[in-house]
Amino acid sequence: MIHWPAIIKYEGESELTFISSESEWECDPDLHFFSYEDRDVLIDSAGEIYTLDQRIDNCIQPKSTGRYFDKNDVLEIVKEHFSFIGQCCVSKFAINTIAEGIAIVGSVAEK
């Protein structure tokens with residue numbers, strides 16, 4: 001079960017896509033009809049990693065890999081994302097939890 005919110009990490013890219021909820025995932029066809037690369041993944045607020053290569057009725061169905069990002073992994077990809085989008089003071093950025101790291105991506109995306 002995906003713990004929302006979540007982010008999509010694209011292989012070889014620094015930009016992340018924030019997904020606030022299951023309803024956003026289901027209602028935004030760009031998210032679940034899109035063709036993802038083999039190593040693109042969804043990371044939920046618990047750090048669980050999901051592949052995006054399984055299709056059911058032409059819709060992407062995230063599938064758990066049984067692997068997890070830890071807090072430091074999430075911090076690193078969030079820092080890369082912020083650097084990519086031009087946020088300043090990235091080196092000073094810190095998070096207390098995985099969920100906090102993912103939520104901050106969403107709060108910046110809303111601005």
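Each value in this text was obtained by applying a stated rule to the coordinates, not by laboratory testing. Since the structure is predicted, the reported quantities are computational estimates derived from the model, not experimental observations. All Cβ positions, glycine included, derive from the backbone under ideal geometry; neighbour counts span all protein chains shown.
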(request) Please identify, among Val90, Val41, Val74, the residue showing maximal mean-square fluctuation in a Gaussian network model of the chain using a 10 angstrom Cα cutoff. (result) Val90
(message) Can you sort His81, His3 from fewest to most other Cβ atoms within 10 Å of each residue's own Cβ?
(response) His3, His81
(request) Please find the FRET efficiency linking Phe33 to Phe84, where r is the Cβ-Cβ separation and R0 is fixed at 22 Å, and quote it to the nearest 0.05. (result) 0.30
(request) Work out the length of the dipole vector of the chain about its Cα centre, built from +1 on the beta-carbon of each Lys and Arg and -1 on the beta-carbon of each Asp and Glu, and round it to the nearest 20 debye. (result) 400
(message) Between Gln61 and Tyr10, what is 0.36 nm times their sequence separation minus the Cα-Cα distance? Round to one decimal in nm.
(response) 16.7 nm
